[in-house]
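Everything below concerns the one structure shown next.
The values are calculated or read from the model by the stated rules, or taken from the named source; none is laboratory data. Since the model is a prediction, treat every value here as computed from it, not as a measurement. All Cβ positions, glycine included, derive from the backbone under ideal geometry; neighbour counts span all protein chains shown. Areas reflect the complete protein model, heavy atoms only, side chains present, ligands, DNA and RNA absent. Shrake-Rupley method; radii C 1.70, N 1.55, O 1.52, S 1.80 Å.
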Amino acid sequence: MCFMKLLKLIIVTVFTAALFTLPALADACSSGARAIVDGNPKATLLSVKSKQGSNGKVVCEARIKISSGSTPPRIIVKKFKP
């Protein structure tokens with residue numbers, strides 16, 4: 001009986017901790033992507049995603065549109081660590 005209560009407490013603690021860390025990672029990815037775009041006046045930030053790599057670490061992925069004068073705009077994907 002006591003083991004089940006302890007197990008439930010551990011599970012709740014792990015899920016609660018995960019909920020508090022996800023917004024921090026999202027903010028870090030968003031601010032990193034904005035820093036990349038702010039360096040180029042012709043760049044526009046389209047989207048930002050955070051992914052978990054094969055090694056378990058989080059990697060941010062930003063889609064950026066770079067417009068140039070006469071040629072069509074290019075869309076590039078930048079991957080970086082938060």
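Do you know which of the residues in region 25-51 that are part of a strand (DSSP E or B) and within 8 Å of the chain's Cα centre (by Cα) is surrounded by the fewest Cβ atoms within 10 Å (Cβ to Cβ)? Write out each step before concluding.
Step one: list which residues in region 25-51 are part of a strand (DSSP E or B), which gives 43-51.
So of that shortlist, the ones also within 8 Å of the chain's Cα centre (by Cα) come out as 48-51.
Numbers: VAL48: 18, LYS49: 14, SER50: 15, LYS51: 11.
Here the answer is LYS51.
Residues in region 59-69 that are open to solvent by 40 Å² or more (accessible area, probe 1.4 Å) and in a strand (DSSP E or B): VAL59, ARG63, LYS65.
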